[in-house]
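First the structure, in the form of structure tokens, and then the observations on it.
The values are calculated or read from the model by the stated rules, or taken from the named source; none is laboratory data. The structure displayed is predicted, hence computed values, not measured ones. All Cβ positions, even for glycine, are placed from backbone atoms using ideal geometry, and neighbour counts span all protein chains on display. Surface accessibility is based on the protein's heavy atoms, side chains included, excluding ligands, DNA and RNA. Shrake-Rupley method; radii C 1.70, N 1.55, O 1.52, S 1.80 Å.
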Amino acid sequence: MEKRSWAEPYKIKMVELIKMTTKEERQAAIIEAGYNTFLLKSEDVYIDLLTDSGVGAMSDRQWAGIMMGDEAYAGSRNFYHLRDAVESHYSYRFTVPTHQGRGAENILSQLLIKEGDYLPGNMYFTTTRLHQELAGGTFVDIIIDEAHDPNSTHPFKGNVDFIKLDNLVNEVGADKIPYVCIATCVNMAGGQPISLASLRELRKWCDKHGILIVHDMTRVAENAYFIQQREEGYRSKTVKEIVSEICELTDAATMSSKKDAMVNIGGFLAMNDARLYEQACELVVVYEGLHTYGGMAGRDMEALAIGITESVQDDHMQARVGQIEYLWDRLESAGVPLVKPCGGHAVFLDARAMLPHLPQNQFPAQALAAALYVESGIRAMERGVVSAGRDKNTGQNRLPKLELVRLTIPRRVYTQAHMDVTAESVIRVMKHADEVKGLRFTYEPRMLRFFQGRFEECLAGTE
Ligand code: F0G
């Protein structure tokens, strides 16, 4: 069947001007930023594909919601709208707002994890794993092997490997596993979804062992869209219905609303258990704010409640993922090595395949992201050895199989022409890939080093 073009289900009412810089200016900017795209000034960026977090364009309705903020310290009307939106779209009975996703991770980790516990998950996420470790736990990867292979075209690379889970239980015992953490559309695997079949099997497995399922639902709508498109039996279900079905299979959730739900700031913790809710309410006051605002302004809770509704619309999701597929197809047909299949929020470049002359201890993905910026003014992000950090026991660099540069597409922000420029720029960098030099740290932060680490180019012939 001929593939029909997708088009955005909105029109543009306001624009933000961006400027193009010269290559010389960008060369100076990247040196000043220590070859870390997180340390560039946004003003010096032409097309910003650093992240999809907090950078989406809100709708006129969301902006109208901002004007309806009830900024009462306690019991804001907007909190109740948010709670109702969470319950009706995501099925969780209780909602605790937090300033963003990691605020929710902190509270949940402190409540559920004891020293010496193990936390299986379908691949790590940087902040999630750090909160688990700070609470005394150890993360264990239980995603299927295909997720670590950029060339595998498995349609659900976010699926759980039950042999890995069984092995863990046999080794440490179920009482050392408070919950399994399941991310929908696994960020670090390339925005890859988990199937409902795998999640249903996990529900049975967890019930058998008396273990909870915690859902990192940051990109649940994108996951639901892939289920609709790829999983047998879901073509006639709506994204909204599938989102509900996913959430109903889990016990609690942490959410960074800055992604799917298209707000600039915000998140929450949600759950069905009344006792856990009570405990979360006690702790949220310590770290975030009273349980009816948890670090968010009333107006932001209103924008979020509206954003949740917009995020599960089929036409929105089709355009959202359609735009990413458009960029993916252009790069793939030009022979750029990519994570396959196309993910939900970003296109991931395989830096090892693009820069085979650089060993992993010279941070190929970090170097590639810097080179792309200098070439084009496009800002991307490293997702490889720098993000993986050091092993908490050995102190050695973790060497992930995936050494990636993420071109992350903000929701409702850029046009197809921006995607064309992006594709052309990546292809140009690929043609001169052998000129990209390796990097070494000049400053390495102790935790989450990718955010603030600084680098310089390695001299020829050195490590
Ligand atoms: N979980 C996932 C899967 C995420 O992608 C993020 C953030 C978080 C949790 C933490 O949420 O930022 O609101 O505190 N990811 C951003 C990114 C930073 O660029 O991928 P947060």
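Is at least one residue of segment 317-324 under 23 Å from the mean Cα position of the chain (by Cα) and within 15 Å of the ligand (Cβ to nearest atom)? Within segment 317-324 (the criterion being under 23 Å from the mean Cα position of the chain (by Cα) and within 15 Å of the ligand (Cβ to nearest atom)), the answer is yes, since at least one residue qualifies.
Could you tell me whether segment 102-118 includes any residue that is in contact with a Cys (Cβ under 9 Å, 6 or more places away or on another chain) and among the aromatic types (F, W, Y)? Among the residues of segment 102-118, not one is in contact with a Cys (Cβ under 9 Å, 6 or more places away or on another chain) and among the aromatic types (F, W, Y), which makes the answer no. Please tell me if S257 is away from the ligand (no atom under 16 Å from the Cβ) and among the small types (G, A, S). Considered against the rule, which asks whether it is away from the ligand (no atom under 16 Å from the Cβ) and among the small types (G, A, S), S257 comes out as no.
Out of all the residues in segment 24-59, which are of a type in the set (A, V, I, L, M, F, W, C), away from the ligand (no atom under 12 Å from the Cβ) and part of a helix (DSSP H, G or I)?
Here is the first cut: in segment 24-59, the ones of a type in the set (A, V, I, L, M, F, W, C) are 28-31, 33, 38-40, 45, 47, 49-50, 55, 57-58.
Now restrict to residues that are away from the ligand (no atom under 12 Å from the Cβ): 28-31, 33, 39-40, 45, 47, 57-58.
Hits for segment 24-59 are A28, A29, I30, I31, L39.
Determine whether M255 is in contact with a Gly (Cβ under 8 Å, 6 or more places away or on another chain), on the phi > 0 side of the Ramachandran plot and of a type in the set (A, V, I, L, M, F, W, C). Answer is no for this residue.
Residues are listed down the side, and each one gets a yes or a no for (1) open to solvent by 50 Å² or more (accessible area, probe 1.4 Å); (2) touching a residue at least 24 places away in the same chain (Cβ under 8 Å); (3) in the same structural domain as S387 (by TED's automatic domain parsing):
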| position | (1), (2), (3) |
| --- | --- |
| K13 | yes, yes, no |
| L17 | yes, no, no |
| E32 | yes, no, yes |
| N36 | no, yes, yes |
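Screening G65, G103 for residues that are away from the ligand (no atom under 16 Å from the Cβ), assigned to a helix (DSSP H, G or I), assigned by TED's automatic domain parsing to the domain that holds C281 and buried (at least 23 other Cβ atoms within 10 Å of the Cβ) leaves exactly one candidate, G65.
Of the strands (runs of 3 or more DSSP E) lying entirely inside segment 123-222, those containing at least 2 residues that are in contact with a Ser or Thr (Cβ under 6 Å, 6 or more places away or on another chain) span 212-216.
Taken over segment 387-410, the residue count meeting the criterion of being in contact with a helix residue (DSSP H, G or I) (Cβ under 7 Å, 6 or more places away or on another chain) and surrounded by fewer than 24 Cβ atoms within 10 Å (Cβ to Cβ) is 8.
Has segment 423-437 got any residue that is loosely packed, with under 13 Cβ neighbours inside 10 Å, acidic (D, E) and more than 30 Å from G56 (Cα to Cα)? There is at least one residue in segment 423-437 that is loosely packed, with under 13 Cβ neighbours inside 10 Å, acidic (D, E) and more than 30 Å from G56 (Cα to Cα).
Among the residues of segment 114-141, write down those that are among the hydrophobic types (A, V, I, L, M, F, W, C) and more than 16 Å from the ligand (Cβ to nearest atom). Please lay out each step first, then the result.
So the first thing to find is which residues in segment 114-141 are among the hydrophobic types (A, V, I, L, M, F, W, C), and the list is 119, 123, 125, 130, 134-135, 139-140.
Answer for segment 114-141, where residues must be among the hydrophobic types (A, V, I, L, M, F, W, C) and more than 16 Å from the ligand (Cβ to nearest atom): just V140.
The single condition among (1) hydroxyl-bearing (S, T, Y); (2) open to solvent by 10 Å² or more (accessible area, probe 1.4 Å); (3) farther than 27 Å from K164 by Cβ that S257 does not meet is (2). Could you list, in sequence order, all residues of segment 139-168 that are among the β-branched types (V, I, T), surrounded by fewer than 20 Cβ atoms within 10 Å (Cβ to Cβ) and touching a residue at least 40 places away in the same chain (Cβ under 8 Å)? Scanning segment 139-168 gives a single hit, T153.
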